[in-house]
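Peer 1: Please find one structure pasted underneath; my questions will follow.
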Amino acid sequence: MARGVTFHVTNKCPFPVWPAVAPNAGHPVLAAGGFFLPPGQSKRVGAPATWNGRFWGRTGCNFPGTGCLTGDCEGRLACNGSVGAPPATLVEVNLHEDQSKGSSYDVSVVDGYNLPVAVWTRPANRSGDCFIAGCAKNVNAVCPPELQVTSVTGKKATVVACRSACLAFGLDAFCCRGDVPGQRLLAALQGRLPGQLQLRLRAGVRGHILPVQMGRSCGPGLSSACSSPGLCYVCIFFRLRIGIYTCGV
């Protein structure tokens, strides 16, 4: 019988986080779909050797009550397969029991950003690390005004998340709809954007568009709606220990 995979979810933030997990169609729900994680604490989440889905962190939660400020899944602690409301930083995982296919993962801002998240993997049956993928810096601090999601306490507004350009503006080009070559696409968009929103087009990847500030703060392994398979890190071992960290590694 194939041995499964263990996710080690660790909260390195100085505040509570409510991690959530949702499977792709045909795969089981893990850990009831969500749980509470105080600062400095970890939780192990087991998965079958073949499993596809996503993890994300929720912030500012109140259960039962108003749900979460970011990443909320219908106001519930246990998402039970429901996906979270954007914007939220996603960890996307594709596990294969077949070693020849490998297992891939990435940290995605296709649904925007709410927390620094990084992923680190180590094959459990041999030495050597796979690459760290993630967005380990606080993008909320440099989020363009047009993309900010704020929470107001008293008279103070705090940026709690940063929307993706697709989520904010809904233009086909931002959402990777249509088939406009990259450089023409970028040139066409620049005249239609708010003045403070700069974009970049990653060389060789058509339509891979991120706010400049987000691109500078996020390292390799970050993906958006048009990312290529080459942006995912692949480990050829089926039995993995996978660490998912908020606010650090």
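The values are calculated or read from the model by the stated rules, or taken from the named source; none is laboratory data. A quick note: this is a predicted structure, and the numbers were derived from the prediction, not measured. Don't worry about glycine lacking a Cβ; one is built from the backbone with ideal geometry, like all the others, and counts go over all protein chains shown.
Peer 1: How many residues, within segment 104-147, are within 21 Å of H8 (Cα to Cα), among the acidic types (D, E) and at pLDDT 75 or above?
Peer 2: So the answer is 1.
Let's see how each residue does on (1) surrounded by fewer than 17 Cβ atoms within 10 Å (Cβ to Cβ); (2) without any contact (Cβ under 8 Å) to a residue 40 or more places away in the chain; (3) part of a loop (DSSP other than H, G, I, E, B); (4) touching a helix residue (DSSP H, G or I) at 6+ places or on another chain (Cβ under 6 Å):
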| residue | (1), (2), (3), (4) |
| --- | --- |
| P14 | yes, no, yes, no |
| P19 | no, no, no, no |
| G40 | yes, yes, yes, no |
| D98 | yes, no, yes, no |
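Peer 1: Can I ask one more? Which members of segment 48-86 meet the condition of being over 19 Å from the mean Cα position of the chain (by Cα), assigned to a strand (DSSP E or B) and crowded, with 17+ Cβ neighbours inside 10 Å?
Peer 2: G67
Peer 1: Continuing with the same structure: Please go through (1) touching a His at 6+ places or on another chain (Cβ under 7 Å); (2) farther than 21 Å from V110 by Cβ for G53 and return the number of the only condition it doesn't satisfy.
Peer 2: (2)
Peer 1: For segment 148-164, name all the residues that are under 13 Å from A88 (Cα atoms) and in contact (Cβ under 8 Å) with a residue 24 or more places away in the chain.
Peer 2: Matches in segment 148-164: V149, V160, A161, C162, R163, S164.
Peer 1: Inspect segment 76-86 for any residue being within 26 Å of V139 (Cβ to Cβ), touching a helix residue (DSSP H, G or I) at 6+ places or on another chain (Cβ under 6 Å) and at pLDDT 90 or above and give the result as yes or no.
Peer 2: Yes, segment 76-86 contains at least one residue that is within 26 Å of V139 (Cβ to Cβ), touching a helix residue (DSSP H, G or I) at 6+ places or on another chain (Cβ under 6 Å) and at pLDDT 90 or above.
Peer 1: Please work out which one of (1) at pLDDT below 95; (2) within 17 Å of the chain's Cα centre (by Cα); (3) within 14 Å of V83 (Cβ to Cβ) is the condition T10 fails and give its number.
Peer 2: That leaves (3) as the condition not met.
Peer 1: Mind listing whichever residues of segment 87-96 are surrounded by fewer than 22 Cβ atoms within 10 Å (Cβ to Cβ) and either without any contact (Cβ under 8 Å) to a residue 12 or more places away in the chain or closer than 15 Å to G57 by Cα (or both)? Don't jump to the end; show me each part of the working.
Peer 2: Filtering segment 87-96 for residues surrounded by fewer than 22 Cβ atoms within 10 Å (Cβ to Cβ) gives 92, 94, 96.
Once the filter is applied, which keeps residues that are surrounded by fewer than 22 Cβ atoms within 10 Å (Cβ to Cβ) and either without any contact (Cβ under 8 Å) to a residue 12 or more places away in the chain or closer than 15 Å to G57 by Cα (or both), segment 87-96 yields only E92.
Peer 1: Output the residue which, of all residues in segment 100-116 that are polar (S, T, N, Q) and part of a loop (DSSP other than H, G, I, E, B), is farthest from T150 (Cα to Cα).
Peer 2: Narrowing segment 100-116 to residues polar (S, T, N, Q): 100, 103-104, 108, 114.
So of that shortlist, the ones also part of a loop (DSSP other than H, G, I, E, B) come out as 100, 114.
Working: S100: 45, N114: 11 Å.
Among them, the one singled out is S100.
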